[in-house]
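Just so it is clear, none of the values below were taken in a lab; they were calculated from the coordinates. Quick caveat, the model's predicted, so the values are computed rather than measured. As a convention, Cβ positions derive from the backbone with ideal geometry for all residues, glycine included, and neighbour counts pool all protein chains shown.
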Amino acid sequence: MTFRTTLIVLNIVALAVIAGVILWRVFSLKREKEPTPANLAKFLEDEDLEGRRLERVLGWSLLFVLVVAIALPVYFLVEPSRQVVMQDRFLADSEERGAILFANSQSPAYVSTKSLLCANCHGTKAEGGAAPYVVQPESDLCIKEQNQGNPDVPACLAQPVSWQAPALNTVLLRFTRSQVKHILNYGRPGTPMVAWGIVSGKGVLNEQSIDDLVNYLATLQIPSAQAKSISKEAVGEYRTGGKQLVSQQEDALTKAQDELAKAQADPTTTPTGLAQAEVAVATAAAQLDAAVAYDAEVQDLSDGAILFRLNCARCHTKRWSYYDPTALKVPPPPPQGSGAYGPNLTGSSTKLQFPGKAGVEEQFNWVALGVPANEQYGVRGISSGRMPHFASQLDEAEIKAIVKYERSL
Ligand code: HEC
Ligand code: HEC
């Protein structure tokens, strides 16, 4: 029998005993004759009262006083540590519930009826990932109804893309807990990140579940030093990424060319088969050109520019989160920093917001530490509490490099 069932059984027994006693009392009162009222009945004699009976009563009182005198201090001593133990237990339970909510079928905590599959997009260890998404066409051509969804007008076709989902094992280094809760409640409309909280009117999670998720995310956070070294390495990887993309596309082109040669040599190839192989070669060649151009651009970038792309562009540059230079159907991003979720930073606008030499320092502080929501930053900025801050994820020199780059935009 579990502890819980034992308690339930004990309760039932206790209730039955109480009910029995009440019934017995009611019936025995009915059976008894009318008793003499207490004020008319004769009480005990003095000899009786001051003898052993009095001692017995006093003995009991002494015993109860002793119990209170010992129990109270013991309670005061034990209570704080009992509270700590309970808090730890509450936290551990909450983290466990959060792990279940976060999990996907690859995670050990997965429960098919409860898990919300955050891990599908953010990675099973919250190391970051990608989410499939469909972007809608923007061309004026598509105002005409006959062009919408028309395969002959490629500019009006919705395009599937892969939207980068940020790593969450560093999320509490750049946001406070309440900022993360806000993101979870309201999501990021216009991105694959939907609203999860009831408060938004769109989600299903109550405050406790949102807390559970944040408590679970807290267990996954890596130390600031490790996050900083990952950020540092990412700059080098970004540069080699350009080269890798070129060599991948070279391989793809060679493969497509081989397929074409095979198709040409094979007498059984149909004309459509041949045409398809030719299109594949042309596409691979165009993708290689795009990769070469992208690599040339990347190799010229300053560290500040790369750090901006890696940390800031997802909010400050439209389309950046799904930019793939070889996906020729999706329009390339507009100029870096020209605004998306975060404001436009081009046209020297950060120099207006943070003017002069003092402004450089202030801009640094804004990017590194920020200010609480509703407080002023720069000349006319008012923080909304939605921008992450980077002092725990980037080192001083890196933030300075980003600020320098932003002021050049
Ligand atoms: C369908 C994919 C998907 C799912 C499922 C998903 N997210 Fe997201 N999430 C994203 C994307 C994409 C972003 C980035 C949006 C953007 O570009 O601003 C994001 C952003 C976030 C952010 C903000 C991080 C930052 O640094 O800006 C948090 C926190 C977050 N998600 C937590 C969660 C949690 C917790 C769950 C599960 C309840 C979840 N997400 C489920 C795709 C997803
Ligand atoms: C999750 C989205 C997000 C990311 C990532 C982000 N920002 Fe922002 N940024 C914002 C928002 C939103 C604002 C507007 C201010 C506010 O709402 O508090 C802002 C404002 C700013 C401003 C002030 C602009 C002005 O003229 O008022 C600067 C400068 C800035 N961000 C720089 C950066 C840098 C540098 C990074 C990367 C290291 C970065 N941001 C990353 C969302 C983001």
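Annotations for the structure displayed:
- Column: log10 I(q)/I(0), Debye, Cα scatterers of the chain, q = 0.08, 0.09, 0.11 Å⁻¹: -0.67, -0.78, -1.04
- Taking a ≥ b ≥ c as the square roots of the eigenvalues of the alpha-carbon gyration tensor, region 75-188 is classed prolate because a/c is 1.5 or more and a/b outweighs b/c.
- Neighbour counting of Cβ atoms within 10 Å sorts the residues I12, I183, fewest neighbours leading, into I12, I183.
- Between N206 and L49, the contour length at 0.36 nm per residue exceeds the Cα-Cα span by 50.1 nm.
- Note on region 224-300: dipole from Cβ charges, positive end direction compared against Q226, T240, T272; the farthest Cα belongs to Q226.
- About the Cα centre, charge dipole magnitude for the chain (Lys/Arg +1, Asp/Glu -1 at Cβ), debye: 920
- Backbone amide hydrogens, once placed in the peptide plane, bring L205 within less than 5 Å of G197, I198, excluding anything fewer than 5 places away on its chain.
- Only Lys, Arg (+1) and Asp, Glu (-1) charged, at Cβ; region 226-385 dipole about Cα centre in debye: 680
- In a fully extended conformation the segment linking S112 and E34 would gain 21.2 nm over its present Cα-Cα distance, using 0.36 nm per residue.
- Quotient of Cα Rg and 2.2 N^0.38 Å for region 310-409, N being how many residues it contains: 1.11
- Net lengthening on full extension, E237/K125 (0.36 nm per residue, minus Cα-Cα): 38.2 nm
- Sites matching chymotrypsin sites (Phe, Trp or Tyr not before Pro) across region 34-116 that sit in DSSP coil, with at most 10 neighbouring C-beta atoms within 10 Å: F43
- Ranking of T283, T270, T350 by count of other Cβ atoms within 10 Å, fewest first: T270, T283, T350
- Entries in K232/K351; K228/K318; K125/K243; K329/K404; K228/K351; K114/K181 that, when Cα-Cα distance is taken, lie over 23 Å: K232/K351; K228/K318; K125/K243; K329/K404; K228/K351
- When E362, E207 are arranged by Cβ crowding within 10 Å, least crowded first, meaning fewest neighbours, the order is E207, E362.
- A dipole drawn for the chain from +1 and -1 charges on Cβ atoms has a positive end, and of S162, S81, P334 the residue lying farthest that way is S81.
- Gyration tensor verdict on region 212-260 (Cα atoms; rounded if a/c is under 1.5, prolate if a/b is larger than b/c, oblate otherwise): oblate
- Computed [θ] at 222 nm, helices only, for the chain once each DSSP H run of length n ≥ 4 contributes -39500 (n - 2.57): -18500 deg cm²/dmol
- Residues whose placed amide H lies under 5 Å from that of A165, excluding near-sequence neighbours: G129, A130, A131
- Distance between the 7 Å Cα→Cβ label points at L352 and A158: 3.7 nm.
- Here is the size of region 160-208 from its Cα atoms: Rg then Dmax, 11.7, 35 Å.
- With 5 Å bins beginning at zero, the pair-distance distribution over Cα atoms of region 99-253 amounts to 2, 8, 12, 15, 16, 13, 11, 10, 8, 3, 1, 0 %.
- Dipole magnitude for region 1-142: about 640 debye, using +1 per Lys or Arg Cβ and -1 per Asp or Glu Cβ, origin at the Cα centre.
- Along each principal axis, taking the top coordinate minus the bottom one, the Cα set of region 201-330 gives 67, 42, 25 Å in descending order.
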